[in-house]
Structure formats: structure tokens, C-alpha cells
Amino acid sequence: MSQPIRVLLVDDYKLTGTAVRSLLLGAADIILLDEIATTTDLQQLCAQHEPDILLLSLEMVREPQSTLATFTNCCPAAKIVLIATNCTDICASEFGENNIQGCILRDRIPDELIPAVRGMMAGVTCYSQPVARKLAQLEDEQGLTDETGELTDREKEALRLLADGLTNKQIALQLQIAESTVEYHVGNIFQKLG
């Protein structure tokens with residue numbers, strides 16, 4: 001058996017912590033290293049545990065903007081998944097600028113957390129469908145242009161499929177391109193929308 005996926009939870013919602021803990025305890029291939037409600041000990045815990053995935057409250061990202069920089073410096077190989085209450089106030093720049101590879105809505109944690117954690121370790125970006133739709137909507141509203149930040153036709157196709165809830169692998173199959181190419185397009189999308 002391969003090494004278990006190591007997860008660190010940083011969230012001050014007690015109900016979220018309870019749900020995450022319960023779900024992860026039921027997954028033999030995932031370990032919840034620790035859960036903290038503030039970012040005070042984040043640097044020390046990252047250095048101590050070296051998590052594969054950081055589940056981080058969107059609200060905590062906005063408070064001290066240094067949170068992600070601190071984490072990235074401690075654990076540059078870790079993947080960051082935001083936990084959001086809703087997607088009405090999601091800003092695409094938070095995704096691109098901070099190397100966010102996923103965002104799960106709190107009410108979708110029971111259905112999406114375990115597949116998202118496993119998917120992230122396989123290189124798949126994982127967004128709750130309403131989040132992907134919101135990002136697609138932001139792209140439409142911003143009316144971006146190619147060399148100056150506009151999404152290419154292929155990036156628009158990938159974004160629409162992502163908004164429909166498809167994984168990178170499914171998008172690659174549908175567009176008949178390599179999964180790594182989809183990941184490249186998705187990275188460009190979030191960078192351009194920021």
C-alpha cells in the first residue's frame with residue numbers, strides 16, 4: 001500500500017471540523033494530521049507534519065494575506081484546497097495568485113471531500129460545481145482579450161466543462177488532449193481571471 005494522503009485542516013468552523021474529521025477517519029488512505037482554528041501555529045505545523053494537502057477556510061485566507069505565503073514557504077509541494085461557505089463572493093484572483101487547486105463548498109463536504117482529496121493527489125483540480133460556474137461567469141463578465149489576458153477558445157472550452165463538473169481527466173477525454181494540457185489550461189484560466 002502506498003503512503004496515506006496527509007491532510008491539515010485550518011478552519012474555525014467547528015461543524016466543518018467535525019464533518020471533515022468524521023469523513024477522513026473513514027478513509028483508510030487519508031490521515032488528518034491536525035486541525036487548527038487559527039493561523040498562529042500554521043508555519044510550525046506545516047514544518048512538523050509536511051502535509052500533502054491543506055484544507056483552508058476561504059475566510060482565513062482573506063484575513064492575514066500572508067497565510068498562503070507562509071504555508072507555501074513551509075510546504076511548497078502541498079496542494080491547497082479552499083473551503084467556502086458560498087461562492088457569491090469568490091474572487092478569481094484568489095485562485096490564480098495563491099496557487100489554489102480546489103475549492104469545496106461547506107454544504108458539499110460530505111459528497112466531495114474524499115474524492116477531492118484523492119483527486120488532488122492525482123493532479124486533478126477539484127471545484128464544487130457552483131464554484132466552477134461562478135468562475136465561468138466571472139470570465140464571461142470580464143470579457144477578457146487574448147494576449148492581454150483573454151482566454152483562448154480552448155481555455156473557454158475547458159472552463160465550461162469544468163463548470164459542468166467534469167474532472168481534468170474527463171475534460172482531456174472530451175477535448176481529445178492530454179490531461180497535463182488540461183491542467184496547463186486550467187492554470188492559465190485562473191491566472192488570467194485574477
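Where a number appears in this text, it was derived from the coordinates with a stated rule and is not lab data. These numbers were taken from a predicted model, which means no experiment stands behind them. Backbone-built Cβ (ideal geometry, glycine too); neighbour counts: all protein chains shown.
Testing the spin-label approximation: label points 7 Å from Cα along Cα→Cβ at GLN43 and SER2. State their distance in nm.
3.2 nm
Once both labels are modelled 7 Å past Cα along the beta-carbon direction, what's the ASP153-GLN191 spacing in nm?
A separation of 2.2 nm, rounded to one decimal place.
Of LYS14/LYS156; LYS79/LYS156; LYS14/LYS169, which sit over 32 Å apart, Cα to Cα?
LYS14/LYS156; LYS14/LYS169
Using R₀ = 25 Å, calculate the FRET efficiency as 1/(1 + (r/R₀)^6) where r is the Cβ-Cβ separation of ASP29 and LYS169; round to 0.05.
Efficiency for this residue pair is about 0.85.
Order 32-42, 119-129 from most to least packed using the mean count of other Cβ atoms within 10 Å.
Highest-to-lowest ranking by the protection proxy: 119-129, 32-42.
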